[in-house]
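Report on one structure; see the data block that follows.
Nothing in this text is a laboratory measurement; each read-out follows from the coordinates by a stated rule. None of the values given here were measured: they were computed from a predicted structure. Heads up, the Cβs are rebuilt from the backbone with ideal geometry, glycines too, and the neighbour counts pull from every protein chain shown.
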Amino acid sequence: NAGVMQNPRHLVRRRGQEARLRCSPMKGHSHVYWYRQLPEEGLKFMVYLQKENIIDESGMPKERFSAEFPKEGPSILRIQQVVRGDSAAYFCASSPLLDSHEKLFFGSGTQLSVL
Amino acid sequence: GESVGLHLPTLSVQEGDNSIINCAYSNSASDYFIWYKQESGKGPQFIIDIRSNMDKRQGQRVTVLLNKTVKHLSLQIAATQPGDSAVYFCAEKWSGGAGNMLTFGGGTRLMVKP
């Protein structure tokens, strides 16, 4: 019974490159949430998706950031033209509950380092 | 600013003692609260949650207390073990708020001395 799977665990990019972070929710969960965490800080909500739909992207920067959750395959968080300020841990979570942001189960995260 | 905050950034306890981690929130309309444990290099792990219509909820070795009068939330860990060493986050949610999202506090680091 695998939990939320994220890959890669660590991603190093140079400024201006693209970063693609992948997340597979727990079996039976069709709701995915992306959070961002800076060192020694709490998690900040970015985006909430259901299959093929973005439900809430109010926490995601309007430029360079995008997210998708296709009918088949993992959810993808894409950061274009990365800058050093994008360096952070990005966590994905899934929930068995509809549109509740409750009982979120988190993956181990992707640590993005921008050189 | 954040509506969820913590009184103590670091808490050091002796193994076997009880631990109390505190959290203050400012949104009196928040109706759902949750505690997460995060070990180094890992994602947050769900510990326990509580709704605003309750003032206490117990799990295995953990108890969450909610005092709505003073907008205070606490996590009590009984017989603290070295494996409890981690950063603990509280989070709140207001079901009627825009986005319906969890708002996380800054975290408290719990260090358990053997």
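Below 27 Å, Cα to Cα, which lysines can B:LYS113 reach? Residues fewer than 8 away in the same chain don't count. Straight-line reach from B:LYS113, under 27 Å: B:LYS37, B:LYS42. If you take the Cα centroid of the range B:48-92 and the Cα centroid of the range A:52-115, the two points sit 27 Å apart. In this structure the amide hydrogen of A:ILE55, modeled in the peptide plane, comes within under 5 Å of the amide hydrogens of A:TYR48, A:LEU49, A:GLN50, none closer than 5 places in sequence on its chain. For the range A:12-115, taking Cα atoms only, Rg and Dmax work out to 13.1, 38 Å respectively.
Averaged over peptide B:43-56, the number of partner chain Cβ atoms lying within 10 Å of each residue's Cβ comes to 3. Within the straight-line cut-off of under 18 Å between alpha carbons, the lysines reachable from B:LYS68 are B:LYS56, B:LYS93, sequence neighbours fewer than 8 places apart in one chain being disregarded.
In a DSSP loop and with at most 15 other Cβ atoms within 10 Å, the GluC sites (Glu not before Pro) in the range B:6-96 are B:GLU15, B:GLU39. A straight Cα-to-Cα reach below 12 Å connects A:LYS51 with the aspartates and glutamates A:GLU68, A:GLU72, residues fewer than 8 places away in its own chain not being considered. The 3J(HN,Hα) values that the Karplus relation (6.51, -1.76, 1.60; θ = phi - 60°) gives for the range B:34-45 are, in residue order, 8, 10, 10, 10, 10, 8, 4, x, 10, x, x, 10 Hz. Gly and Pro appear as x. Hey, could you get me the Stokes-Einstein D for the range A:54-111, Kirkwood radius over alpha-carbon pairs, 4 °C and 1.567 mPa s, rounded to whole µm² s⁻¹? Taking Rh from Cα pairs, D becomes 99 µm²/s.
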